[in-house]
1. Can you work out ³J(HN,Hα) from phi for every residue in the range 465-474, in order, using Karplus 6.51 cos²θ - 1.76 cosθ + 1.60 and θ = phi - 60°, giving whole Hz and x for Gly and Pro?
2. With r as the distance between the Cβ atoms of Lys257 and Ala184 and R0 = 41 Å, compute the FRET efficiency 1/(1 + (r/R0)^6) and round to 0.05.
3. Over the Cα atoms of the range 86-188, how large are the radius of gyration and the largest Cα-Cα distance (Dmax), in Å?
4. Using Cα positions and a limit of under 25 Å, work out the lysines in reach of Lys464, with same-chain residues fewer than 8 apart set aside.
5. Write down the accessible area per residue of the chain in Å², having rolled a 1.4 Å probe over the full set of protein chains.
6. Principal axes first, then extents: for the Cα atoms of the range 174-288, list largest minus smallest coordinate on each axis, whole Å, largest first.
7. Within 10 Å, count the other beta carbons around each residue, average over each peptide in 32-43, 330-341, and list them highest first.
8. Can you give the Rg to Rh ratio for the range 254-314, taking only C-alpha atoms and Rh from Kirkwood?
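The values are calculated or read from the model by the stated rules, or taken from the named source; none is laboratory data. A quick note: this is a predicted structure, and the numbers were derived from the prediction, not measured. Using ideal geometry, Cβ is built from the backbone for each residue, glycine included, and neighbour counts are taken over all protein chains shown. In case anyone asks, the SASA skips ligands and DNA or RNA and just uses the protein heavy atoms, side chains included. Shrake-Rupley method; radii C 1.70, N 1.55, O 1.52, S 1.80 Å.
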Amino acid sequence: MTESCLPEIAAGGSPLRLLIIEDDDVDRARVRHALAGTPFKFSATEAGSIREAREHLDGNEFDCVLLDYHVEGAIGSELLADIGALNDPHLPVVMITNHGDERLVAEDLQFGLYDYIPKEKLEADLLGNVLSNSLRRASLHREIHSQRARLQQLSLYDVLTGLPNRSLFFDRLDQALQSARRNAAAFAVLQIDLDLFKEVNDNFGHVAGDNVLVVAARRFRNVLRASDTVARLGGDEFAAILTGAETAQAALTTADKIGLAIREPIMVSGNRIQVGASIGIALFPDHATDADALVARAGRALSSAKNNSAGFAVYGAGMDTDDRPRLVASRLQKAIEQKELFVEFQPMINLTSRKVIGAEALVRWRSPEDGVVLPGSFIPMAERSSVIGPLTYAIFDLTLDQAKLWYDSAVPIPVSINLSARLLDDDQLPERVVRALESRGLPAPLLTLELTETALMSNVNQAKKILGLLSAAGVKISIDDFGAGFSAFKYLRELDVSEIKIDQSFTTDLRDGSRDNTIVRSIALLARGFGIPAIAEGIEDPMACNILRDLGCDKGQGYAIARPMPGEEFLDWLLRWELAAAPIDVIQ
Ligand code: C2E
Ligand code: MG
Ligand code: MG
């Protein structure tokens with residue numbers, strides 16, 4: 001290996017890094033001489049053999065190669081392809097030819113050779129021109145290449161999240177299908193939709209929405225394997241190909257991980273935002289054998305997932321004609337007319353005095369076909385149709401009729417009714433509620449309306465208007481399932497909230513120092529700051545009552561106190577409860 005740094009002769013710019021491949025000492029000296037006459041500053045590395053040239057090319061950076069046509073009996077052009085492979089594919093190569101080689105070299109121009117100079121014409125001026133032209137062309141090639149790469153990136157990847165877009169997703173899905181067919185393997189396709197994303201955009205703005213998408217994309221990537229594909233199909237719609245998930249169980253395990261990861265709160269501009277994900281799963285080849293059908297079936301499973309509490313569903317044949325919401329709506333309409341709906345009441349107590357301070361009305365449907373159906377199975381579907389209006393007013397009537405009976409028997413038990421977000425769009429709601437109370441002679445403060453954070457957030461101005469009217473009439477407002485959705489504290493101030501119900505997911509693990517323990521304490525403290533009570537729901541363990549009280553919760557509700565019961569049984573239960581020697585105090 002010989003290396004020589006020739007004197008810098010041109011001012012400005014960094015020296016050109018040249019590789020001279022030439023086995024003849026005299027010819028090499030001529031190249032050096034000609035170079036010295038060009039206006040370039042340069043540093044030249046010299047190779048006297050193909051082997052030496054390869055060693056230099058592998059791992060060193062050059063701006064241009066000057067290549068002898070004949071090196072050690074080999075034809076220099078044979079090295080051409082290797083130069084691109086060993087070094088930069090756009091590295092310009094200029095051939096130094098002997099008399100008579102021009103015609104052969106002309107062919108190499110088609111295969112990446114930039115230019116050539118016959119040895120007899122090798123002088124500074126010509127070499128200088130050839131070098132500067134070659135360098136200019138190389139930089140143009142590089143520019144074109146990077147533009148092309150950028151265009152390709154834009155056409156295949158989502159700009160916001162950097163994930164593959166719809167087009168690349170379907171490409172990868174085709175590849176996965178081919179490979180699975182070849183290897184008789186199975187794999188899963190997931191359609192993922194962010195829950196509450198519209199609310200994030202509506203309430204925190206599009207920048208926050210974008211941030212949530214970016215974080216969601218990152219979390220999806222982290223949960224999935226490198227061999228899986230996760231893509232953004234548009235909006236808050238994502239899809240994944242899990243080549244390693246051969247069974248529904250394996251896909252469900254991953255879906256569960258995705259769900260957990262996405263539910264971790266996201267801080268955006270000081271707001272703690274919590275979204276969720278609904279996930280639909282379809283398997284190749286069990287559910288479909290081509291790309292479109294697989295994605296469509298994962299989509300059907302997704303619709304079904306949105307209606308179940310787990311948040312994910314595997315495709316099933318019954319989902320093909322998913323008329324369920326419409327069907328349920330028309331059955332519910334009939335159920336209201338046939339008086340198949342009824343309400344059960346679950347007591348709430350003061351955790352310190354242990355006195356019963358109210359009852360939550362929970363609707364049930366005695367369906368002739370399915371027996372007693374719990375609200376989780378029909379309220380979400382009712383909410384997607386206009387039947388939610390008549391349904392809610394029917395529940396108001398049932399609940400207030402019962403409240404009236406208690407009121408008249410001198411046991412005025414306050415009642416809470418769950419209100420769907422959709423009802424906040426009904427401008428008649430305040431007037432109808434007030435009329436329902438007045439017609440029964442019930443004082444308005446006897447009624448509390450429970451709304452989830454999501455309901456409040458879905459249209460804040462409308463919520464403020466309607467709830468403002470209800471509060472002004474004396475009706476109380478409670479925030480249900482607090483902590484499970486958005487916890488945008490400013491709404492606590494803006495809306496006249498009378499109570500916070502801490503989501504039952506936080507009341508299961510109350511060990512000292514546990515996360516739930518800390519969260520409950522913080523929410524109770526927050527409620528106290530607003531001068532309103534915090535109520536813990538879902539108390540299943542009698543011991544938890546005291547812990548929750550010590551954490552600052554004023555009230556409690558849950559199976560440990562009583563399960564929801566028919567209104568007719570409530571007074572008997574109440575009597576027993578008050579007569580009982582405070583079972584929880586005994587434990588204490
Ligand atoms: P929610 O308002 O948070 O009601 C509490 C739910 O937790 C009730 O389920 C209740 O039976 C259950 N629960 C109470 N204590 C415990 C406990 O210790 N452990 C466990 N695991 N669960 C407990 P339910 O009756 O099935 O109601 C579910 C949800 O359906 C309600 O959640 C509410 O969001 C909705 N819902 C119920 N009734 C109505 C209604 O009349 N209208 C509307 N719009 N939604 C309703
Ligand atoms: Mg409730
Ligand atoms: Mg609740």
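1. 5, 5, 5, x, 5, 5, 4, 4, 7, x
2. Numbers: r = 27 Å, r/R0 = 0.66.
Plugging the Cβ-Cβ distance into 1/(1 + (r/R0)^6) gives 0.90.
3. Final numbers for Rg and Dmax: 22.6, 67 Å.
4. By straight Cα distance, Lys464 reaches Lys198, Lys476, Lys490, Lys501.
5. Working: 27570 Å² over 588 residues.
Per-residue accessible area for the chain comes out at 47 Å².
6. 50, 23, 22
7. Details: 32-43: 17.5, 330-341: 16.0.
Averaged packing, sorted descending, gives the order 32-43, 330-341.
8. On the way: Rg = 14.2 Å, Rh = 12.6 Å.
Answer for the range 254-314: 1.12.
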